[in-house]
Each structure stands twice: as C-alpha cells, then as structure tokens.
Amino acid sequence: GQQVMQIPQYQHVQEGEDFTTYCNSSTTLSNIQWYKQRPGGHPVFLIQLVKSGEVKKQKRLTFQFGEAKKNSSLHITATQTTDVGTYFCAGRRGGSNYKLTFGKGTLLTVNP
Amino acid sequence: KAGVTQTPRYLIKTRGQQVTLSCSPISGHRSVSWYQQTPGQGLQFLFEYFSETQRNKGNFPGRFSGRQFSNSRSEMNVSTLELGDSALYLCASSAAGTGDSLLHFGDGTRLSIL
C-alpha cells in the first residue's frame, strides 16, 4: 500500500533558527497537504500543493512539491515559539481513491 | 459555522468492553474520516464514509467498524477492547470528499483502556 515517510521525527531549534521537514511517498501523488497540530490540539490544515515543482509561501513558511510529485518539504525561516507543534504531510494518490495517507509527523520544539 | 464535534472527549474502558464514538461534521460536509493517533505512529487511517457509504478502509481489524447516518453524522464502534486500542481517535470532515478536499478535524476522543 501507499506509504508516506516523514523526517526528521523530532527537531529542536533555538528561536530564530530555520527548520525543515521532509516528506517522501512510495507512489506518485495527485496532491499533498500539510497540517499542523499544536500540543493538546487537533491537526489544522495549512496548505495543499497540486502541481509538479510547485512552491507556495505563507509568511515564514515555504512549501515545495517535487518535480516527480513524490516528495515535499516544509521550511520555516526564523522560527518563533508559536511554531511549536507537530507538522504532518498527507498525500493522495490519483484516481478515484480519495484516501489521505499521513506521514508520522515532525515534532518541532523551539527554545526561546 | 460550528466545527467538527466529537463526543465524548474522554472515555475510560476496560479490556473486553466495547465503545461507540460519535462525530458530527461541519454542516454541509458529506465526507467523514476517522483516524487513530498514538505516540510514534502518527495518524493512522481507519475508514472514510461518504453519503452513508464506506468508501475507504484502513488496515485495522474487524473489531473496528463505523457507519454514517443520513444527516452525515458518523459513529465508530470498537468491540472487544484491547490495551493497544488506547489512543486519541480523531474524526475529520470534508465538504465534497473529492481528491482536493481538505480535512477539518474535531478535538478527538481520548480513549483509555485499563
């Protein structure tokens, strides 16, 4: 079945440092979504990438979708304590199967 | 609009019992998905319902079942509970359940098995 691998599992940074999490799928994806889950909260949708090589930015967050549509990354510039949480990627295969497969997530902690 | 509502928020059961969890999606949303979240395993897909039909199913034993009602509300049932079933169960709804739909998650039901 489809697998979505995400690394690293944990990342601890000093406030102001950059952070990147990577996502790799065993199969080509029709789209990939990113979610953020704050400690004690539920996952919240951040963004969706659809096109090969797509890059989208949300303030200090940059999302990329690989050319082969099998990998993606999320980069945060100059982390802040408000960035703390677990970041999940989630991919969908094409066709009529709309199942969203989540990576195991990257837990980001930020030291002020 | 009200968000996704899951009840109960917390539940304590003992091995061998059964449990039913409830999820009310955002008004107008027809797709409901269920996920099990445990430390280290991330979000594992249980099943997805769309217009009262199970459209997708994850790799969980038959003890895990669900259903969706005509008003899109969904229930998940776990029978013969095991210690390993202790987890946060998250329900998520989406508008059309199509390939580009984003998921809106509820706060989850935290199930503890003693």
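The values are calculated or read from the model by the stated rules, or taken from the named source; none is laboratory data. Everything numeric in this text was worked out from a predicted model, so none of it was measured. Neighbour counts run over all protein chains shown; Cβ positions are idealised from the backbone, glycine included.
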* Just a yes or no: is a residue in the range A:7-28 under 24 Å from B:ALA96 (Cβ atoms), within 14 Å of chain B (Cβ to nearest Cβ) and touching a Leu at 6+ places or on another chain (Cβ under 8 Å)? -> no
* Elements of type strands (runs of 3 or more DSSP E) in the range B:68-114, at least 1 residues being acidic (Asp, Glu) and modelled with pLDDT of 95 or more -> B:74-78
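Matching residues to (1) free of Cβ contacts under 8 Å to residues at least 40 places away in the same chain; (2) among the polar types (S, T, N, Q); (3) closer than 21 Å to A:GLY91 by Cβ:
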residue	(1), (2), (3)
B:THR5	no, yes, no
B:ILE26	no, no, no
B:VAL32	no, no, yes
B:TYR35	no, no, yes
B:GLN41	yes, yes, yes
B:SER51	yes, yes, no
B:ARG55	no, no, yes
* Within the range A:64-103, considering residues that are of a type in the set (Ser, Thr, Tyr) and within 14 Å of chain B (Cβ to nearest Cβ), the one farthest from B:LEU102 (Cα to Cα) -> A:THR86
* Scan the range B:15-54 for residues that are under 14 Å from the mean Cα position of the chain (by Cα), in a strand (DSSP E or B) and either within 14 Å of chain A (Cβ to nearest Cβ) or buried (at least 19 other Cβ atoms within 10 Å of the Cβ) (or both) and report the count. => 20
* Return the only residue of A:LEU49, A:LEU61, A:LEU107 being without any contact (Cβ under 8 Å) to a residue 40 or more places away in the chain and within 11 Å of chain B (Cβ to nearest Cβ). => A:LEU49
